[in-house]
Amino acid sequence: MVFEYKDEDTGKSLRVLDGVSLHIKRGEFLAVLGRNGSGKSTLAKHMNAILTPTSGTVLIDGIDTSDENRLFGVRRRVGMVFQNPDNQMVATIVEEDVAFAPENLGVPRGEIRKRVDEALDIVGMSAFKQHAPHMLSGGQKQRVAIAGALAMRPELLVMDEPTAMLDPGGRAEVIETVKKLNREGGMTVALITHYMDEAVRADRVIVIDNGKIALEGRPREVFPQVERLTSLGLDVPQSTYLIHMLSEKIPGLDKTVLNDKECAAELLRAMGIKKEARP
Amino acid sequence: MIKLENVSYTYMSGGPFEKKALDGVSLRIDPGEFVGIIGHTGSGKSTMIQLLNGLLKPDGGRVIIDGEDLSDKKTDLRGIRFKVGLCMQYPEYQLFEETVLKDICFGPLNMGLSKSEAEERARFAANMTGLPESLLDKSPFDLSGGQKRRAAIAGILAMEPKVLILDEPTAGLDPAGRDEILFKIRDMHKRMDLTVLLVSHSMEDVAKLADRIFVLNSGKIEMSGSPSEVFAKSARLREIGLNVPQITRVADRLREAGVDIPAGIYTVGDAYRILLPLINKRLENN
Ligand SMILES: Nc1ncnc2c1ncn2[C@@H]1O[C@H](COP(=O)(O)OP(=O)(O)OP(=O)(O)O)[C@@H](O)[C@H]1O
Ligand SMILES: Nc1ncnc2c1ncn2[C@@H]1O[C@H](COP(=O)(O)OP(=O)(O)O)[C@@H](O)[C@H]1O
Ligand SMILES: [Mg+2]
Ligand SMILES: [Mg+2]
């Protein structure tokens, strides 16, 4: 697919997605990476028909997003969490905000109550049910926005930098939550992020650069390519980078380590120390 | 010099939603320091820094900038705001002009600079933050998230403040952009003796840049010290919603397994310098 933003005044167009072909499988956890302005959010907006392609097609469960008669079918299947939580807050009380999307989908009242409680519980915001969203700090708002998407019980959850404003504890909690929804609930996830330590948790990573898919593969295939990733404006987890640096002097290190646990285990192996690593 | 003396702040005081955001905070920051501020969401970081340039008034205690008490009616708050440049959390909301260039010029024009001086500074600041020339005539609303963030930071830099306060400035920036902006700010800090307060959720960034770290927890200062002092307390940091850099966790795991590696390792460079000889020695012995 190709997408161009059109400037109303000048009539000029800007090509932002340039021949992207992508198949997200049911139940997959996909991470989307890329430098600022590379086209990630634009791609995300195609997944629930906020934008439709200039040429090519986008199919969600077989439904063509350009078919206006079937818009509801697309929106019902895709939950979105955007980069900017304030634009997503619609109600004056947190729990009403979370209830907004399922209400729009016509979910029965009792069921809504259940879903709202459950979603707020998952993101750790139950205590703030009755609060006004504008009183929350940045990270707290982001968690409510995620709860709002979860309350729709979508088949595909598209998240555009959902953890950008969260503290480390909150980030870990959200990513664990997403991992669990994906693994146990079978939810398909597309996560846009600038945090490499989140991307390593995905089944597959794609890197967008200048509107094209520049790199694609499992995290263990992608992250050892340190120079390539750097040239795409990205970096790698500190653990991966340490091993990468040490490898220049010490042959035989496993460069596919992705986190602190794997890194420590690999270094212990290299030093000939046998020790069971803690989880 | 920046001083907080026993400062408290409560939102919606007396109402049913009363919220004590800061509770008896005292601290002192000397000119030319690079300070990191970390804390869980809602711990009071944004409240604290809004007190520092007079956007909020403390309801207890004193905020003193270069000897001037900000609650004092005689204090020229406008002057303080030019001196203490605050880049707010989600600064992209503050973009409102027709073009990116005009937006970056807003602060300098407000300070009374001429249009040409303001534009010169704006172009320089845009370059510092890695915004390409071609975007300067665009509407700020048509930028990507990270591009908006850069424009907002450029707007503050163009005012050339003595104290630069950045509230989570790199959220939404790609890794290259994040490093680029932070290292340029560190460079300015060194060359121009700029005092910097960096609020961040990235333990890695704070570890790389700050000389001293303040840790906020539920409106109080939980601890402060050098990165190696603070990041040696990983268990406590995790308890209060924070963490240590990933590289510190690697070092902690190795130490637990009996490797002779000191506490408080917090950059990849440190880890590399310590581990390389250790591994080589082991390899020779085997
Ligand atoms: N509404 C719009 N009108 C015109 N151009 C736009 C619009 N929105 C985005 N663009 C441009 O399209 C390109 C891609 O933007 P997009 O928001 O998809 O990037 P992104 O990869 O999500 O970046 P980031 O990491 O900063 O969020 C950028 O060059 C941007 O300036
Ligand atoms: N405008 C406001 N009105 C009411 N409460 C607020 C407001 N802004 C922040 N708070 C509350 O004050 C506390 C501290 O918030 P904040 O300073 O934004 O924290 P941080 O920046 O560390 O995330 C939080 O509990 C938050 O909900
Ligand atoms: Mg984006
Ligand atoms: Mg804040």
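The values are calculated or read from the model by the stated rules, or taken from the named source; none is laboratory data. None of these values were measured; they are calculated from a predicted model. Virtual Cβ from ideal backbone geometry, glycine too; neighbours counted across all protein chains shown. Protein only, heavy atoms only, side chains kept; ligands, DNA and RNA dropped before computing areas. Shrake-Rupley method; radii C 1.70, N 1.55, O 1.52, S 1.80 Å.
What the table shows:
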{"read-out": "B:THR248 vs. criteria within 16 Å of ligand 4 (Cβ to nearest atom), closer than 19 Å to A:VAL236 by Cβ and β-branched (Val, Ile, Thr)", "value": "no"}
{"read-out": "Qualifying residue in segment A:132-143 (condition: within 22 Å of A:GLY185 (Cα to Cα), assigned to a helix (DSSP H, G or I), at pLDDT 90 or above and not β-branched (Val, Ile, Thr))", "value": "no"}
{"read-out": "When residues of segment A:23-37 are limited to those that are open to solvent by 30 Å² or more (accessible area, probe 1.4 Å) and either without any contact (Cβ under 8 Å) to a residue 12 or more places away in the chain or not in a loop (DSSP other than H, G, I, E, B) (or both), the one farthest from A:ALA49 (Cα to Cα)", "value": "A:GLY37"}
{"read-out": "Extreme residue, farthest from B:LYS3 (Cα to Cα), among residues of segment B:118-148 that are open to solvent by less than 40 Å² (accessible area, probe 1.4 Å), assigned to a helix (DSSP H, G or I) and modelled with pLDDT of 90 or more", "value": "B:LEU135"}
{"read-out": "Residue in segment A:64-76 that is under 29 Å from B:LEU173 (Cα atoms) and part of a loop (DSSP other than H, G, I, E, B) present", "value": "no"}
{"read-out": "Output for segment B:35-85, where each listed residue is more than 16 Å from ligand 4 (Cβ to nearest atom) and in contact with a helix residue (DSSP H, G or I) (Cβ under 8 Å, 6 or more places away or on another chain)", "value": "B:GLY54, B:LYS57, B:PRO58, B:VAL63, B:ILE65, B:ASP66, B:GLU68, B:LEU70, B:VAL84, B:GLY85"}
{"read-out": "Scope segment A:38-54; condition within 16 Å of ligand 3 (Cβ to nearest atom) and either in contact (Cβ under 8 Å) with a residue 60 or more places away in the chain or hydroxyl-bearing (Ser, Thr, Tyr) (or both); matching residues", "value": "A:SER38, A:GLY39, A:LYS40, A:SER41, A:THR42, A:LEU43, A:ALA44, A:MET47, A:ASN48"}
{"read-out": "Residue match in segment A:77-89 (condition: surrounded by fewer than 16 Cβ atoms within 10 Å (Cβ to Cβ) and part of a helix (DSSP H, G or I))", "value": "yes"}
{"read-out": "Residue list for segment B:219-260, filter: more than 9 Å from chain A (Cβ to nearest Cβ), within 16 Å of B:VAL199 (Cβ to Cβ) and at pLDDT below 95", "value": "none"}
{"read-out": "Single match in A:VAL16, A:VAL20 (criterion: in contact (Cβ under 8 Å) with a residue 60 or more places away in the chain and in a strand (DSSP E or B))", "value": "A:VAL16"}
{"read-out": "Members of segment A:139-162 that are touching an Asp or Glu at 6+ places or on another chain (Cβ under 7 Å) and open to solvent by less than 20 Å² (accessible area, probe 1.4 Å)", "value": "A:GLY139, A:VAL144, A:GLY148"}
{"read-out": "Residue list for segment B:247-285, restricted to those being farther than 14 Å from A:CYS263 by Cβ and part of a loop (DSSP other than H, G, I, E, B)", "value": "B:GLY258, B:ASP260, B:PRO262, B:ALA263, B:GLY264, B:TYR266, B:THR267"}
{"read-out": "Condition broken by A:SER247, with the remaining ones in (1) over 30 Å from A:GLU4 (Cβ atoms); (2) out of contact with any Leu (no Cβ under 6 Å at 6 or more places or on another chain); (3) hydroxyl-bearing (Ser, Thr, Tyr) satisfied", "value": "(2)"}
{"read-out": "Matching residues, segment A:203-218, being open to solvent by less than 10 Å² (accessible area, probe 1.4 Å) and on the phi < 0 side of the Ramachandran plot", "value": "A:VAL205, A:ILE206, A:VAL207, A:ILE208"}
{"read-out": "Filtered residues of segment B:131-170 (kept if within 18 Å of A:MET165 (Cβ to Cβ) and free of Cβ contacts under 8 Å to residues at least 40 places away in the same chain)", "value": "B:SER144, B:GLY146, B:GLN147, B:ARG150, B:THR170"}
{"read-out": "Total residues in segment A:58-71, condition within 22 Å of the chain's Cα centre (by Cα) and within 19 Å of A:GLY19 (Cβ to Cβ)", "value": "3"}
{"read-out": "Tally, over segment B:149-169, of residues that are within 12 Å of another protein chain (Cβ to nearest Cβ), touching an Asp or Glu at 6+ places or on another chain (Cβ under 9 Å) and surrounded by fewer than 24 Cβ atoms within 10 Å (Cβ to Cβ)", "value": "0"}
{"read-out": "Pairs with Cβ under 6 Å, 6+ apart, first in segment A:240-267 and within 16 Å of B:LEU254 (Cα to Cα), second part of a loop (DSSP other than H, G, I, E, B) and of a type in the set (Lys, Arg)", "value": "A:ILE243/A:LYS255"}
